[in-house]
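Enquirer: Just passing along the structure, written as structure tokens.
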Amino acid sequence: MQLKCPACNAGFSLEAALAVDAARSALLTALQMLPSPLGALLVQYLGMFRAAGRALSFERVDKLLGELKPMFESGTVTRNGLSRACPLAYWQQGIEKMIELRGNDKLQLPLKTHGYLLEIVFGLAEQAGARDERATETQRRAGVNRDKADRNLQRIETIGRVRADMDLGLLTREEAERTLRNAGIDPEEVL
């Protein structure tokens with residue numbers, strides 16, 4: 001059976017129409033399997049690669065998704081030879097930013113590459129890395145880990161002193177237990 005395209009009057013078979021519908025349905029199902037709302041956002045993002053008045057071929061969609069897939073799976077983004085940790089949440093934020101820019105007519109469409117998305121996502125990953133580094137540096141300066149080590153050392157010294165005093169007969173078991181409890185140490189764990 002032959003059908004006519006309502007836009008251009010070109011003829012095509014019913015089998016071809018069903019194949020295209022099946023491919024579209026399979027693609028939408030696959031995108032819906034991604035964490036919400038990433039799949040729906042990707043559909044909008046892919047639409048940015050479509051020229052006005054033209055359809056985006058399934059081969060092109062496959063190529064575009066194939067370029068993003070390794071980065072999604074590895075949890076990294078690479079730009080200009082540098083790689084950064086990049087969870088899916090950053091990709092989601094990046095695509096949301098692209099959609100916002102498209103809505104404000106600040107993108108030149110159709111897109112040719114993922115370059116602009118990669119710049120946005122890499123920037124998000126860089127900011128997160130800088131925040132983590134500042135937090136680590138702040139903790140190091142504040143001596144957060146040093147305080148914990150000091151408390152552990154003090155605990156070990158107290159236990160050692162109490163055990164030695166018991167061995168020398170300077171403390172009874174009851175006195176040793178009381179000393180350990182006063183130091184915040186459970187005597188049953190160490191005696």
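The values are calculated or read from the model by the stated rules, or taken from the named source; none is laboratory data. On a predicted model such as this, the values are computed, not experimentally measured, just so you know. As a convention, Cβ positions derive from the backbone with ideal geometry for all residues, glycine included, and neighbour counts pool all protein chains shown. Side chains are part of the model used for accessible areas, which takes the heavy atoms of the whole protein and leaves out ligands, DNA and RNA. Shrake-Rupley method; radii C 1.70, N 1.55, O 1.52, S 1.80 Å.
Enquirer: Ignoring ligands, DNA and RNA, what percent of the 1.4 Å accessible area of the stretch 35-172 is carbon and sulfur?
Expert: About 51 percent, which is the carbon plus sulfur part of the accessible surface.
Enquirer: Over the stretch 86-127, what lengths in whole Å, largest first, do the semi-axes of the equivalent ellipsoid take, defined as the square roots of 5 times the eigenvalues of the alpha-carbon gyration tensor?
Expert: 18, 11, 8
Enquirer: Taking only protein heavy atoms and a 1.4 Å probe, what accessible area per residue, in Å², does the stretch 32-162 have with all protein chains in place?
Expert: 66 Å²
Enquirer: Taking H as built 1.01 Å from N, whose amide H comes closer than 5 Å to the amide H of Thr76, not counting residues under 5 places away?
Expert: Hits under the 5 Å cutoff: Cys86.
Enquirer: At 0.36 nm per residue, minus the direct Cα-Cα distance, what do Ser36 and Leu109 gain on full extension? Give it in nm, one decimal, please.
Expert: My answer for the length gained is 23.7 nm.
Enquirer: Now for a separate question. Hey, which lysines would be in cross-link range of Lys97, C-alpha to C-alpha under 19 Å, not counting anything within fewer than 8 residues on its own chain?
Expert: By straight Cα distance, Lys97 reaches Lys106, Lys112.
Enquirer: Cα centroid distance between the stretch 84-133 and the stretch 155-179, in Å?
Expert: Value for the Cα centre distance between the two parts: 61 Å.
Enquirer: Let me ask something else about it. Could you order peptides 65-74, 117-126 by the average number of other Cβ atoms within 10 Å of their residues, highest first?
Expert: The most tightly packed comes first, giving 117-126, 65-74.
Enquirer: So how exposed is Ile156, as accessible area in Å² (1.4 Å probe, rounded to 10)?
Expert: The value for Ile156 is about 110 Å².
Enquirer: May I ask you to compute the full-extension gain from Arg79 to Glu119, defined as 0.36 nm times their residue separation minus their alpha-carbon distance, rounded to one decimal in nm?
Expert: Difference between extended and current length: 13.7 nm.
Enquirer: Let me ask you something else. Using the alpha carbons of the stretch 114-191, what is the convex hull volume per residue in cubic angstrom, as a whole number?
Expert: Expressed per residue, the convex hull around the Cα atoms of the stretch 114-191 is 116 Å³.
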